[in-house]
Amino acid sequence: MVDKKILSINLSHNAALTYVVGNEIIFHFELDRYNRIKGNNFPSKQVIDLICDTECDLIIVTALNEDCYTFWENIMCQSSKLANKIIKVPVHRNNEHHLLHAAEALAWGNFSNIIVADGRGVKLKGDLWERESIFKFNDKKLFKKYSFDEQIGFIYEKRAFQIFNRQYFTEGKLMALSSYGENDNQWFNNKKLLENVNNDKVKKSDKNYLNIATTTQNYIEDRLTQIFTKIPQNEKIAFTGGVAQNVLANSKLKKIYKKLFCSPYNNDSGISIGSVNIYRNFDLKIKSIYTGIPQEFSSSCIPYPTKNVTLDEVCNLLEKEPVAIFKKRSESGQRGLGARSILISPCIKSSYEKMNEVKKRAWFRPFALSILDEHGEEWFEDYFYTPFMMYIFNLKKNKKNILKNGLCIKGTSRIQSVRKEDNLEYYNLIHCFYKKTGIPMLVNTSFNLPGEVLVETYSDLNYFLKNSKLKYVYLAEYGKLIYANN
């Protein structure tokens, strides 16, 4: 098994493809990066060709239900090349959903306990559902200790769906909106309060919606805290499943459970990693989050002018305008972490407006900050290394008049710690900005249009430039700048 080549595919929503040789991840990405439909499991032609061309000894497939398997079987009927690939390679199925979530978390490190909390969960028997679980890991064995149906993620998803014009994938909006309201439990059992909602743009005057967001956030934090009390505070805990996307809840839990780790692959895109980790008897170790298929640059990739550029020149632009950074390999997950990010100085008054001209985000959604790790303690209270933007921090009081962007209304920020060994080119850019300005951080938001998937290929980049007001893209490994005349 030492050098076995394994291709693992999650076929359900948040579908993902993982390729492992030995215990090393060669690539891992979400299928929606190529089909361009958020959360969708449709395999684009590029993905089908990649599966067919990737040498492997075993294919592992996972899915929540048989419909997903049937869908892929239909795809194979239309692609003889893919069908022949599947026939020639052994296929192993693993459908133990929460177990796979827990196994994914163990690829990040050795944890004695893993808590899984997701939205829809898994239906057991009759009316029984498993939406939250606690697993124990010991002596290379992973077993379930507790199972719950608190409906934490399901309630959160439902409230976001109702408030934001019946749109899915709006939980992040609800979390941001929760900073503006007050706790008001009277709505919780009032079914009529949210009936016939058609609210495309929540306003500051919509106190009812603001309070619903705040109360929902407080509710899930309380319920999560109750689940966590099953584990002693001094133990190493991993938290995964879609609910672990909630950085406000994560941050409150981290204050109690100092050894808590929140997985950035918490949604079902991590399932394909978990299935390999179980097969390999838990020896898989994630070394980097930058696992996208390498995108090589040539002059034919883009219809816009390019020029060679120095770090100083990029930093000069960042003091005035948004600049996207595009690296060969994208980061996996839902957040731009310096490979598919849009950046700007946090110190100019117009930075929020300039970023919003590009991103078109709702008024209540703050941007995040990427900071050089060695300067984190100077700027944020109770700082610790956080490379995946999974927590929020309070800005120190003596720094509050310096930053004009990157903070929410409460003076907190979701931050990314950056080290050389994580992302060298991104580190060098922020370090250059620090030498010029004395500010060791940049405002960072994901490189995507509203409601769309992060930019993955040069074709996606061209589409973004054509449909936005972004002018500059920095190709970090090539030292080149794309400038679009929008």
Going through the stretch 437-456 in order, the residues found to be surrounded by fewer than 23 Cβ atoms within 10 Å (Cβ to Cβ) and over 13 Å from A339 (Cβ atoms) are T437, G438, I439, P440, L449, P450, G451, E452, V453
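Restricting the stretch 12-30 to residues that are in contact with a Phe, Trp or Tyr (Cβ under 7 Å, 6 or more places away or on another chain) and surrounded by 22 or more Cβ atoms within 10 Å (Cβ to Cβ), which is nearest to G333 (Cα to Cα)?
Residue satisfying both the conditions and the ranking: A16.
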Scanning the stretch 233-280 residue by residue, those touching a Phe, Trp or Tyr at 6+ places or on another chain (Cβ under 8 Å) and either assigned to a strand (DSSP E or B) or aliphatic (A, V, I, L, M) (or both) turn out to be I237, A238, F239, T240, V243, V247, L253, I256, L260, F261, C262, I273
For the stretch 74-99 the number of residues that are within 22 Å of the chain's Cα centre (by Cα) and over 18 Å from N41 (Cα atoms) is 2
Given the conditions (1) β-branched (V, I, T); (2) in contact with a helix residue (DSSP H, G or I) (Cβ under 6 Å, 6 or more places away or on another chain); (3) farther than 16 Å from Y279 by Cα, every one holds for T62 apart from (3)
All-but-one check, M355 against (1) in a helix (DSSP H, G or I); (2) surrounded by fewer than 20 Cβ atoms within 10 Å (Cβ to Cβ), failing number (2)
Residues of the stretch 124-147 being modelled with pLDDT of 90 or more and of a type in the set (F, W, Y), in sequence order, are F135, F137, F143, Y146
Of the candidates R365, R329, the one satisfying the condition of being charged (D, E, K, R), in a loop (DSSP other than H, G, I, E, B), outside the structural domain of I26 (by TED's automatic domain parsing) and within 21 Å of L465 (Cα to Cα) is R329
Residue set S350, S345, S370, S332; condition under 20 Å from E171 (Cα atoms) and of a type in the set (S, T, Y); output residue S332
Going through the stretch 12-33 in order, the residues found to be assigned to a strand (DSSP E or B) and of a type outside the set (F, W, Y) are A16, L17, T18, V20, V21, E24, I25, I26, H28, E30
Every listed condition ((1) at pLDDT 95 or above; (2) not charged (D, E, K, R); (3) not assigned by TED's automatic domain parsing to the domain that holds F154) holds for Y69 save (1)
The condition of being surrounded by fewer than 16 Cβ atoms within 10 Å (Cβ to Cβ), polar (S, T, N, Q) and at pLDDT below 95 holds, among S299, S288, only for S299
So, first residue assigned by TED's automatic domain parsing to the domain that holds E456 in the stretch 284-307, second residue in a loop (DSSP other than H, G, I, E, B) and at pLDDT below 95, Cβ within less than 7 Å, six or more apart or across chains; the pairs are Y304/A484
Subset of the stretch 443-469, residues within 12 Å of P322 (Cβ to Cβ) and touching a strand residue (DSSP E or B) at 6+ places or on another chain (Cβ under 6 Å), comes to V443, N444, T445, F447
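Which is modelled with pLDDT of 95 or more, in contact with a Leu (Cβ under 7 Å, 6 or more places away or on another chain) and either in the same structural domain as E171 (by TED's automatic domain parsing) or closer than 30 Å to D222 by Cα (or both), of L248, L253?
The unique qualifying residue is L253.
A quick yes/no check of all residues on (1) under 25 Å from R280 (Cα atoms); (2) touching a residue at least 40 places away in the same chain (Cβ under 8 Å); (3) of a type in the set (S, T, Y):
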residue	(1), (2), (3)
E24	yes, yes, no
F27	yes, yes, no
L31	yes, no, no
N35	no, no, no
G39	no, yes, no
P43	no, no, no
T54	yes, yes, yes
I60	yes, yes, no
L64	yes, yes, no
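Every residue, every condition in (1) buried (at least 21 other Cβ atoms within 10 Å of the Cβ); (2) at pLDDT below 95; (3) touching a strand residue (DSSP E or B) at 6+ places or on another chain (Cβ under 6 Å), yes or no:
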{"residue": "F326", "(1), (2), (3)": "yes, no, yes"}
{"residue": "A339", "(1), (2), (3)": "yes, no, no"}
{"residue": "P346", "(1), (2), (3)": "yes, no, yes"}
{"residue": "K360", "(1), (2), (3)": "no, yes, no"}
{"residue": "I371", "(1), (2), (3)": "yes, no, yes"}
{"residue": "N394", "(1), (2), (3)": "no, no, yes"}
{"residue": "K400", "(1), (2), (3)": "no, yes, no"}
If we keep only residues of the stretch 161-191 that are part of a helix (DSSP H, G or I) and modelled with pLDDT under 90, then the residue surrounded by the most Cβ atoms within 10 Å (Cβ to Cβ) is I163
Expected single match for part of a helix (DSSP H, G or I), at pLDDT 95 or above and either crowded, with 19+ Cβ neighbours inside 10 Å or not small (G, A, S) (or both) among Y474, Y434, Y385 is Y434
In the set I59, I9, the lone residue that is crowded, with 22+ Cβ neighbours inside 10 Å and part of a strand (DSSP E or B) is I9
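The values are calculated or read from the model by the stated rules, or taken from the named source; none is laboratory data. This structure is a prediction, so every number in the text was calculated from the model and none was measured. Methodologically, a virtual Cβ is constructed for each residue, glycine included, from the backbone with ideal geometry; neighbour enumeration extends over all protein chains shown.
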